[in-house]
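What follows is a short report on a single structure.
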Amino acid sequence: MAIISNCTASIIKDAALALKQGHLVAFPTETVYGLGADATNEKAVARIYEVKKRPTDHPLIVHISSIEHLDKWVRVIPEYAIKLARDFWPGPMTLVLPRTNFAKDFITGGQDNVALRIPSHPVALELLKEFEKQGGLGVAAPSANRFGKLSPTTSAAVEMELGKFLSNADQILDGGASKVGVESTIINCTSALPVILRPGAVTIEMIQEILDIELDLDSAPSKEIKAPGMLASHYSPNTKVYLSGAPSPGDGYIALSDLPTPAGAIRLASPKDNEEYAQMLYESLRSADSKGLKNVFVVPPHNQGVGVAINDRLVKAAK
Ligand code: TXA
Ligand code: MG
């Protein structure tokens with residue numbers, strides 16, 4: 001499976017055509033790389049599940065290029081969700097809203113709602129626009145990794161995760177390393193108040209400020225687990241992850257740059273702040289795997305801003 005870099009307009013047009021013909025296209029987004037399929041094509045969507053080895057009751061996020069296309073997928077939009085969409089799209093946020101008939105059970109896992117996102121990565125946006133120009137309605141895309149594994153933040157990581165399961169007509173588009181590094185914030189917008197189902201770079205603080213409300217922080221990430229993908233153990237490298245204790249010589253070590261490396265440990269990342277931490281997180285855990293390390297000790301960041309999302313993923317990686 002060849003990785004296609006330097007995504008020109010004509011390459012993106014070809015990729016959109018491949019999607020229309022029912023093939024899979026992995027593409028960069030600002031959060032992580034996604035494995036895309038035409039969201040209205042049941043056979044193509046079935047291949048996503050096959051390639052990822054993902055249980056079929058886990059619903060998928062539908063990606064669109066503009067708010068104008070929302071009403072194809074969504075029946076009703078609460079006022080607060082319109083505000084969120086206007087402020088944070090295109091960007092690292094997914095909204096769960098009541099579905100229309102275009103969102104079939106094979107996308108929503110049989111739920112009466114559908115998850116939607118407008119990503120901001122220029123290659124993703126161009127691909128979605130081109131796909132819509134060719135008559136497409138939306139692109140279903142989970143993170144482009146095998147089920148339960150780390151999300152890829154580079155095209156090389158996609159190739160490593162899925163290359164051998166893709167066919168020659170499928171494509172992997174390269175758009176550089178993902179800037180955010182952790183998956184989008186998922187917000188359930190099907191009741192009177194928003195509920196955060198998965199924390200991400202659109203933070204609780206940002207949502208509260210825009211909507212001028214106090215969110216129940218106990219519900220962020222939600223205790224009312226509506227997304228079946230929120231399993232306790234997820235985002236796992238093969239190397240064992242420890243969030244406390246001290247590394248022995250030869251163990252991996254990840255911490256903010258102001259913390260020194262314990263004697264003999266192998267430093268895998270030294271991010272200067274939480275944003276950089278999120279950006280480097282999955283690649284540094286991947287590097288623990290590729291170096292064949294048995295253990296990696298991670299010092300979690302402060303639970304603030306995108307730190308909430310990092311801690312959420314770290315706790316799952318450590319299980
Ligand atoms: O940043 C992201 O969101 C990336 C990029 C590619 O857009 N996508 C991503 O998709 O992380 P995935 O499938 O790996 O994770 C999406 C999560 C899953 O846990 C799924 O269960 C949940 O979103 N989800 C999807 N549709 C839902 C729905 N209708 N209601 C509740 N949760 C939903
Ligand atoms: Mg995923």
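Each value in this text was obtained by applying a stated rule to the coordinates, not by laboratory testing. If you're wondering where the values come from, they're calculated on a predicted model, not measured in any experiment. Note: ideal-geometry Cβ built from the backbone for every residue, glycine included; neighbour counts use all protein chains shown.
Straight-distance candidates among the lysines for linking to residue 43, with alpha-carbon spacing under 29 Å and chain neighbours fewer than 8 residues away dropped: 13, 20, 52, 53, 72, 104, 129, 133, 149, 164, 226. Helix 307-317: angle to the longest alpha-carbon principal axis of the chain, degrees 0 to 90, nearest 10? Approximately 80 degrees, to the nearest 10.
Is region 1-120 rounded, prolate or oblate when judged by the Cα gyration tensor, a ≥ b ≥ c being the square roots of its eigenvalues, rounded requiring a/c under 1.5 and prolate requiring a/b larger than b/c? Cα axes put region 1-120 in the oblate bin. Using a/c under 1.5 as the rounded threshold, could you call the chain rounded, prolate or oblate? The axes a ≥ b ≥ c are square roots of the C-alpha gyration tensor eigenvalues, and prolate needs a/b larger than b/c, oblate otherwise. It is oblate, given that a/c is not under 1.5 and a/b is not larger than b/c.
Under unit Cβ charges (Lys, Arg +1; Asp, Glu -1), what dipole magnitude, rounded to 20 debye, does region 31-177 have relative to its Cα centre?
Here the size comes out at about 260 debye.
Going from the fewest other Cβ atoms within 10 Å to the most, the residues 289, 112 appear in the order 112, 289.
Lys-Lys pairs in region 242-319 that are eight or more residues apart or on separate chains and whose Cα atoms lie under 22 Å of each other come to 4. Other residues with beta-carbon under 13 Å from the beta-carbon of residue 117 carry, at +1 per Lys or Arg and -1 per Asp or Glu, a net charge of -1.
The phi torsions of region 125-130, fed into the Karplus equation with coefficients 6.51, -1.76 and 1.60 and a -60° offset, translate into couplings of 4, 5, 4, 5, 4, 5 Hz, rounded to whole numbers, with Gly and Pro shown as x. Rounded to the nearest 20 debye, the dipole size of the chain about its Cα centre is 1020 debye, using +1 on the Cβ of Lys and Arg and -1 on the Cβ of Asp and Glu.
According to the square roots a ≥ b ≥ c of the eigenvalues of the Cα gyration tensor, what is the shape class of region 52-173, taking rounded for a/c under 1.5, prolate for a/b larger than b/c otherwise, and oblate for the remainder? Judged from the Cα gyration tensor, region 52-173 comes out prolate (a/c at least 1.5, a/b above b/c). Counted over region 44-202, the DSSP beta bridges are approximately 60% antiparallel.
A run of the chain free of exposed loop cleavage sites, with GluC sites (Glu not before Pro) counted only in DSSP states other than H, G, I, E and B and at most 16 other beta carbons within 10 Å, reaches its longest extent at 1-213.
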